[in-house]
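In what follows, a single structure is set out as structure tokens and then discussed.
The values are calculated or read from the model by the stated rules, or taken from the named source; none is laboratory data. Remember, predicted model here, so these are calculated numbers, not experimental data. All Cβ positions, even for glycine, are placed from backbone atoms using ideal geometry, and neighbour counts span all protein chains on display.
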Amino acid sequence: MAHILKDFLMGSTIVILGMLLSLVVSIMLLILWIFFHLLGMLACVFFFIFLFFFALWLVGFLYRKTREISKK
């Protein structure tokens, strides 16, 4: 009878540890999901800021080049 009780307690312990581990992994994945979504949004914002400044530089560059060509 003692080995049945020991097996029952061991099985219960394994099930409880599995539940706790799945809870910890779920919380960790939720935190990673939030972090990577924020990182993706920041990458998108920085891309559009870079694109804006590149367009501004390109307009100035083309303006200078056309002025140099028209002076010649």
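ILE16 satisfies every condition listed in (1) surrounded by 10 or more Cβ atoms within 10 Å (Cβ to Cβ); (2) at pLDDT below 95 except (2). Test HIS3 against the stated conditions and say whether it is free of Cβ contacts under 8 Å to residues at least 12 places away in the same chain and surrounded by 10 or more Cβ atoms within 10 Å (Cβ to Cβ). Answer is no for this residue.
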